[in-house]
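S.K.: I am attaching a structure below and will ask some questions about it afterwards.
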Amino acid sequence: MKAAIFREYNKDPTKNVKIEDADMPKLGQNEVMIKVEAAAYNYNDLWAIWGDPIKVPLPHISGSDSAGHVAEVGENVTRIKVGDRVVSHSNMSCRVCNFCTSGREFDCAERTIWGFQTGPLWGGFAQYTHLPEVNVAKLPDNISFNDAAAISMVGMTAWHMLVGRAKIKPGQTVLIMGGTSGVGMAGIQISKLYNCDVIATAGTKEKMDKCLELGADHVVNHREPDWYKKVREVTNKQGVDVVFEHIGKATFAQEVSLLKMAGTLVATGATTGYDSQLDLRYLFFKGTNLLGSTQGTKAELEEVIHWTNKGKIKPLISTVLPFSEMVQGHVMMAKAEQIGKILTTPHKL
């Protein structure tokens, strides 16, 4: 089979990611083999290629979002059959510890993100891949493989942030930072599904317009120095109930200042840096809730699949690349100029 493999770290993906011949995966007793029809890019693919902030196993196949047909099943697999249409659930955990058995597999001490921390040579940017049966979810017939790959990780992550962690309620005002990012576009739509008033941010006029198309009620440009003042104006100086955060250092302090009394900031990732400063008065005087969030449960992934099937969550796809040109997806991710998800199709060279 063909796979996108890198054998050393490099800040320039074109220098180390190559399409190579690779052995077919060896299937475990509790695993399923997937013929990958579509795979989506995430920022953790860049972290893996860079070897920063963590070193991943080498040689490496990245890719945490894959959708396709089941080609083979292990002898102990009971609920998934050959020919089933499936999508990956990338949060891998032990499934037996107290966290896992209480529905908190994202807190498992042994948790790894498939296609990022797994390996060597175990990820979604390949013509075939394998996963434990518990880490695949079935797809309805009317969800395309492209849509499934585009929404699986970002949709699950956004659902966990807003519904699982922040416990959003109808009528709340939710600030979605980076509204045209993968998680951002899902966050806008999930918030509207819960009948919230949504303020989104974006860095260009084109991206701001797209946020409105996705359902945001208001949009501001977070690249402007006084962006947070405009959010205050939109809310009549009342602030917001929930901040959906993944930008990090560049905007974090202002986001906290925008929260109402007892407001909640829920964060996953920090693409502009980790070392933010915070005026602690906003924390204790206002009873602020600062929540971390990462990945999500398989049940949350299946909620996203359900609402995608209903047409209430619509994946936003920017580009679909043939596999022979897939490294360009990494270049595009690094530039952050695209609107929506980047995909590749491993069986279309």
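The values are calculated or read from the model by the stated rules, or taken from the named source; none is laboratory data. These figures come from a predicted structure and were not determined experimentally. We place every Cβ from the backbone using ideal geometry, glycine too, and count neighbours over all the protein chains shown.
S.K.: Taking residue 40, is it at pLDDT 95 or above, of a type in the set (Gly, Ala, Ser) and either in contact with a helix residue (DSSP H, G or I) (Cβ under 7 Å, 6 or more places away or on another chain) or farther than 24 Å from residue 343 by Cβ (or both)?
M.R.: The answer is yes for residue 40.
S.K.: Going by the structure shown, is residue 220 of a type in the set (Val, Ile, Thr), farther than 30 Å from residue 348 by Cβ and either over 22 Å from the mean Cα position of the chain (by Cα) or part of a loop (DSSP other than H, G, I, E, B) (or both)?
M.R.: Yes: the conditions hold for residue 220.
Results for (1) on the phi > 0 side of the Ramachandran plot; (2) out of contact with any helix residue (DSSP H, G or I) (no Cβ under 8 Å at 6 or more places or on another chain); (3) surrounded by 18 or more Cβ atoms within 10 Å (Cβ to Cβ), shown as yes or no for each residue.
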| residue | (1), (2), (3) |
| --- | --- |
| 173 | no, yes, yes |
| 176 | no, no, yes |
| 190 | no, no, yes |
| 199 | no, no, yes |
| 202 | no, no, yes |
| 207 | no, yes, yes |
| 216 | no, no, yes |
| 224 | no, no, no |
| 231 | no, yes, yes |
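S.K.: Output the residues belonging to the stretch 191-210 that are over 22 Å from residue 256 (Cβ atoms) and out of contact with any Pro (no Cβ under 9 Å at 6 or more places or on another chain).
M.R.: 192, 193, 204, 205, 206, 207, 208, 209, 210
S.K.: Regarding the stretch 9-26, can at least one residue be identified that is assigned to a helix (DSSP H, G or I) and surrounded by 22 or more Cβ atoms within 10 Å (Cβ to Cβ)?
M.R.: Taking every residue of the stretch 9-26 in turn, at least one turns out to be assigned to a helix (DSSP H, G or I) and surrounded by 22 or more Cβ atoms within 10 Å (Cβ to Cβ).
S.K.: Another one. If you scan the stretch 58-73, which residues turn out to be in a loop (DSSP other than H, G, I, E, B) and farther than 18 Å from residue 135 by Cβ?
M.R.: 58, 59
S.K.: Okay, next question. Determine whether residue 165 is outside the structural domain of residue 56 (by TED's automatic domain parsing), in contact (Cβ under 8 Å) with a residue 24 or more places away in the chain, under 22 Å from residue 291 (Cβ atoms) and not hydroxyl-bearing (Ser, Thr, Tyr).
M.R.: So residue 165 fits the description; yes.
S.K.: Anything in the stretch 196-213 that is within 15 Å of residue 338 (Cβ to Cβ) and either in contact with a Lys or Arg (Cβ under 9 Å, 6 or more places away or on another chain) or hydroxyl-bearing (Ser, Thr, Tyr) (or both)? List them, or say none.
M.R.: 202, 203, 204
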